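The values are calculated or read from the model by the stated rules, or taken from the named source; none is laboratory data. A quick note: this is a predicted structure, and the numbers were derived from the prediction, not measured. Here the Cβ positions follow ideal geometry from the backbone for every residue, glycine too, while neighbour counts run over all protein chains shown.
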Amino acid sequence: MTIVRVLLWAVLWLSLLTTDLSAASERSTARVPLFENLGSLHFPITTSSHEAQQYFDQGLRFVYAFNHDEAIQAFEEAARLDPSAAMAYWGVALASGPNINAAMDKAAERRAWDAVQKARAHRVHASAAEQAYIDAIGKRYEFRGHARPALDKAYADAMRVVWRQHLNDPDAGVLFAEALMDLRPWDLWTADGRPKPGTQEIVSVLESILVRFPDHPGACHYYIHAVEASPNPDRAVACAERLPGLMPGAAHVVHMPAHIYMRLGRYHEAAEQNAHAAEVDRHYLAGRKLSGDYADGYYTHNLHFLWASLVMEGRKTEALKVARQLTGTITEEEVRKDAWKELYLPAPLWSMIRFGQWDDLLREPPPPKRLHVQQGMWRLGRGMALAASGRMPGAEGEHVVLAGLAKRFGRDRTREEKTERTLLKIAERLLAGELAMYRHHY
């Protein structure tokens, strides 16, 4: 196996880049379950209802765990239990907003706008600190129809003020840092490791919080994201090692250490975290008819990350098993609805390429022609298998088809198209290099 093939896996898994979340109780008056094993994070709000406070805390915990759909339900339940609790509506607006993994749709815009109006209507009942939070979130949705980037920047600027006025409140700092991260999702560092505008402030704020509040799950979660693409991802090792214990019932939180472990070559630990996270999610999702970003994407993300970890660790049989499990969770209808899900489908092919399973690759049936990435990776696998077995004319024919697929895309109109184009170009160059190697054209 050449070093080029090993390096391909680092590119591929980077390019694609809850314990048991069970209901602890359902109070006689509650419409939403209270979950256990979500940790002890507490944000006291002005309310006369103990249950409303519990649901508010649950909502904020889910925000920090990137389960925004569940967070909205918890905040709405808090508002139902205490309609005068202004911060419950603030929570709905917060959880409805954009995050580094998802933009806002029109339904979320409407829900957030309505929630802000309700928070403002009950603002008189809130403390001065709570009023500051409400005023800041209002900047994010101040004018419906205005450009989202400008509103997001206004919110980040407002949260900077809230943080500077409440330096003893870790949530103010964590939410400010997240607001900055949302201005450039997954774009904090250059390819050569230099921080982009705003990155240093994000890192500085989170580090200052972690010095005083090392067990804040949101701070740890966001710090991992803030430094994982930096030249020194090892800065987040301490967070990675303690984060799962801070919120063991939230699968995405359990999974997060793998973002650091993979960067550091700690593949076995990355695999263990993702296997655990997938199991936590299976318990959480079992018997529940859920939809939305979390249900649609995060469980498959755990499986995909687990597969990548196993591949890098050299665990051939387990890697292919998980790859088949991953693709088995994705239907053709889902791919038609969400094009990005196609990027998971070549995992079995990549496993067989990685481990030189040439005969198995040649037995793989052709994928549907409309799946461009899957088609390209199938051609890559066949080309490498044919070349390895000395059938160069056939391998060259596969390269011609693959090169045609790589040139098919014009201007990248979406992030998915850019990713597809990049993957196909990588595959074409890899196969070209393999063919040159077998011809001894060094």
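Is it fair to say R370 is within 31 Å of the chain's Cα centre (by Cα) and part of a loop (DSSP other than H, G, I, E, B)? Spelling it out, R370 is indeed within 31 Å of the chain's Cα centre (by Cα) and part of a loop (DSSP other than H, G, I, E, B).
One line per residue, one yes/no per condition, for (1) buried (at least 19 other Cβ atoms within 10 Å of the Cβ); (2) within 28 Å of T199 (Cα to Cα):
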| residue | (1), (2) |
| --- | --- |
| W113 | no, no |
| A121 | no, no |
| A132 | yes, yes |
| Y141 | yes, yes |
| A150 | no, yes |
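Taken over the stretch 182-194, the criterion of being within 15 Å of E228 (Cα to Cα), out of contact with any His (no Cβ under 9 Å at 6 or more places or on another chain) and buried (at least 17 other Cβ atoms within 10 Å of the Cβ) is satisfied by W189 alone.
Would you confirm, using the coordinates I've provided, whether M384 is over 23 Å from N302 (Cβ atoms), modelled with pLDDT of 95 or more and outside the structural domain of Y294 (by TED's automatic domain parsing)? Show your work before the answer.
On the way: over 23 Å from N302 (Cβ atoms): yes; modelled with pLDDT of 95 or more: yes; outside the structural domain of Y294 (by TED's automatic domain parsing): yes.
The answer is yes for M384.
Applying the set (1) surrounded by fewer than 24 Cβ atoms within 10 Å (Cβ to Cβ); (2) in the same structural domain as E272 (by TED's automatic domain parsing); (3) touching an Asp or Glu at 6+ places or on another chain (Cβ under 9 Å) to E313 leaves exactly one unmet item: (3).
Within the stretch 387-406, the presence of at least one residue that is modelled with pLDDT under 95 and in contact with a His (Cβ under 9 Å, 6 or more places away or on another chain) is confirmed.
Residues checked against (1) small (G, A, S); (2) modelled with pLDDT under 95; (3) in contact with a His (Cβ under 7 Å, 6 or more places away or on another chain):
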| residue | (1), (2), (3) |
| --- | --- |
| G287 | yes, yes, no |
| A295 | yes, yes, no |
| N302 | no, no, yes |
| S309 | yes, no, no |
| A323 | yes, no, no |
| L326 | no, no, yes |
| K337 | no, yes, no |
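Looking only at helices (runs of 4 or more DSSP H) that fall completely inside the stretch 128-245, which ones have 3 or more residues that are closer than 23 Å to K118 by Cα? Quick ask: steps written out before the conclusion?
Numbers: elements: 128-140, 148-165, 170-181, 199-212, 217-227.
The helices (runs of 4 or more DSSP H) meeting that bar are 128-140, 148-165, 170-181.
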